[in-house]
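Undergrad: Submitted below is the structure of interest, expressed as structure tokens.
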Amino acid sequence: MKLQELFWNPQQHRLRTLWRLVGQILLLVAFSSCLSAVFLLPGMVFGNLEPQIEEATFRLANLAMLPATLLSVGLAGYFLDRRRFSDFGMRLNWAWVLDLGAGLTLGAVLMAAIFLVEKAAGWITVTGTLRADSFGGNFAVAVFFSILLYLAVGIYEELLFRGYFLRNLAEGLRLPGLSNRGALLLSWFLTSAVFGLAHALNPNASLISTLNIVFAGIFLGLAYVLSGSMALPIGLHITWNFFQGTVFGFPVSGGAAATSFWVIEQGGPVLWTGGAFGPEAGLLGIFAMLAGSLLIVLWVRWRYGRVALEATLAEYTPRSTFVNPVV
């Protein structure tokens with residue numbers, strides 16, 4: 001192999017997988033850093049702002065990952081991957097919206113089931129309602145920013161880990177002797193492991209919580225590898241987090257809920273509840289994800305008429321013409 005072929009795939013006329021991933025990550029870091037600085041700029045320029053305005057600008061800076069991810073994936077897709085934005089599972093049509101609605105419903109139902117089981121077992125006690133430990137106690141404003149946060153996280157984490165990383169890695173793993181399905185399966189599990197490691201430094205994280213988040217990555221990835229669409233995993237991710245934290249008051253991936261409709265005191269065995277990390281680190285979270293996986297399979301069977309891996313996710317089809325690639 002020539003030296004240049006370590007970087008360039010002459011058959012596909014584009015960079016090889018490793019360098020596409022590196023390029024997208026560098027773009028993500030650059031965009032997120034710049035956008036965060038823009039949101040924080042008023043505080044740095046004008047000094048003491050009103051507390052609620054200062055908090056709002058700080059939270060908007062945290063939301064910078066969403067536009068940064070959209071920009072980095074869009075540009076990397078155009079220049080490095082040579083594919084349309086819609087090829088990452090973002091085909092925005094009515095069928096996509098229907099799958100999104102199914103994912104939103106499923107996330108809410110699964111978290112409600114965890115809450116009801118813990119309540120029936122006496123593991124949680126509801127001590128109050130309408131908590132807002134931010135924005136000066138303004139519950140409506142706090143909920144609004146909570147909605148923005150979980151919308152952003154659901155979109156950018158799924159687009160990044162499933163839409164971009166999983167698909168690119170599946171293409172790169174199409175080695176001699178490994179089928180499209182094998183490459184897709186291996187990529188699914190590897191990106192799920194990276195997803196778990198990305199949460200390993202969260203507050204109250206442990207080895208168990210990290211392994212459970214790896215399983216959560218497999219759960220979310222199932223919706224993608226069976227449908228080829230980001231709609232199901234994005235919807236599922238959004239409401240799983242929102243109902244977990246903002247509705248029922250559980251910790252979300254180790255972070256205590258600062259805004260919630262119900263205020264709870266967590267008890268019960270940590271093995272089952274996940275303790276301070278939240279339900280994702282407990283057996284109840286695992287059982288909810290297993291039940292959710294079955295419901296995903298049933299939904300895909302009803303919607304698409306079959307249940308099979310979208311093996312084409314591991315393939316790259318060069319385009320003879322590359323006009324308007326982000327449509």
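Undergrad: Could you tell me whether region 241-256 includes any residue that is farther than 15 Å from Val109 by Cα, open to solvent by less than 20 Å² (accessible area, probe 1.4 Å) and not in a loop (DSSP other than H, G, I, E, B)?
TA: No: zero hits.
Undergrad: With respect to Val323, is the statement that it is at pLDDT 95 or above, among the hydrophobic types (A, V, I, L, M, F, W, C) and outside any helix (DSSP H, G or I) true?
TA: Taking the combined requirement at face value, the residue does not satisfy it.
Undergrad: Okay, next question. Out of Thr239, Thr259, report the one residue that is β-branched (Val, Ile, Thr) and more than 20 Å from the chain's Cα centre (by Cα).
TA: Thr259
Undergrad: Here's another thing I want to ask about it. Does region 1-32 hold any residues that are assigned to a helix (DSSP H, G or I) and at pLDDT below 90, and which are they?
TA: Hits for region 1-32 are Leu3, Gln4, Glu5, Leu6.
Undergrad: Please count how many residues of region 191-234 are of a type outside the set (A, V, I, L, M), part of a helix (DSSP H, G or I) and more than 12 Å from the chain's Cα centre (by Cα).
TA: So the answer is 5.
Undergrad: Scan (1) open to solvent by 60 Å² or more (accessible area, probe 1.4 Å); (2) in contact (Cβ under 8 Å) with a residue 24 or more places away in the chain; (3) of a type outside the set (Gly, Ala, Ser) for the single condition Leu294 breaks and write down its number.
TA: (2)
Undergrad: Given the condition under 21 Å from Leu104 (Cα atoms), in a helix (DSSP H, G or I) and in contact (Cβ under 8 Å) with a residue 40 or more places away in the chain, answer yes or no: does some residue in region 162-170 qualify?
TA: yes
Undergrad: Which condition breaks for Gly47 when tested against (1) open to solvent by 50 Å² or more (accessible area, probe 1.4 Å); (2) at pLDDT below 85?
TA: (1)
Undergrad: Further, regarding this structure: How many residues are of a type in the set (A, V, I, L, M, F, W, C), touching a Gly at 6+ places or on another chain (Cβ under 8 Å) and buried (at least 24 other Cβ atoms within 10 Å of the Cβ) if we restrict to region 160-170?
TA: Restricting attention to region 160-170, the residues satisfying the condition of being of a type in the set (A, V, I, L, M, F, W, C) are 160-161, 165-166, 169-170.
Filter once more, keeping what is touching a Gly at 6+ places or on another chain (Cβ under 8 Å): 161, 166.
Next cut, buried (at least 24 other Cβ atoms within 10 Å of the Cβ) only: 166.
Going through region 160-170 one residue at a time, the tally reaches 1.
Undergrad: Only one of Gly128, Gly101 is assigned to a strand (DSSP E or B) and open to solvent by less than 50 Å² (accessible area, probe 1.4 Å). Can you tell me which?
TA: Numbers: Gly101 fails: assigned to a strand (DSSP E or B).
Criteria check complete, one pass: Gly128.
Undergrad: Report, by residue number, each residue of region 75-87 that is within 22 Å of Trp8 (Cβ to Cβ) and either under 14 Å from the mean Cα position of the chain (by Cα) or not in a loop (DSSP other than H, G, I, E, B) (or both).
TA: Leu75, Ala76, Gly77, Tyr78, Phe79, Leu80, Asp81, Asp87
The values are calculated or read from the model by the stated rules, or taken from the named source; none is laboratory data. Owing to the predicted nature of the structure, the values given are computational and were not obtained by experimental measurement. Don't worry about glycine lacking a Cβ; one is built from the backbone with ideal geometry, like all the others, and counts go over all protein chains shown. These area figures cover heavy atoms from the full protein model, side chains too; ligands, DNA and RNA do not enter into them. Shrake-Rupley method; radii C 1.70, N 1.55, O 1.52, S 1.80 Å.
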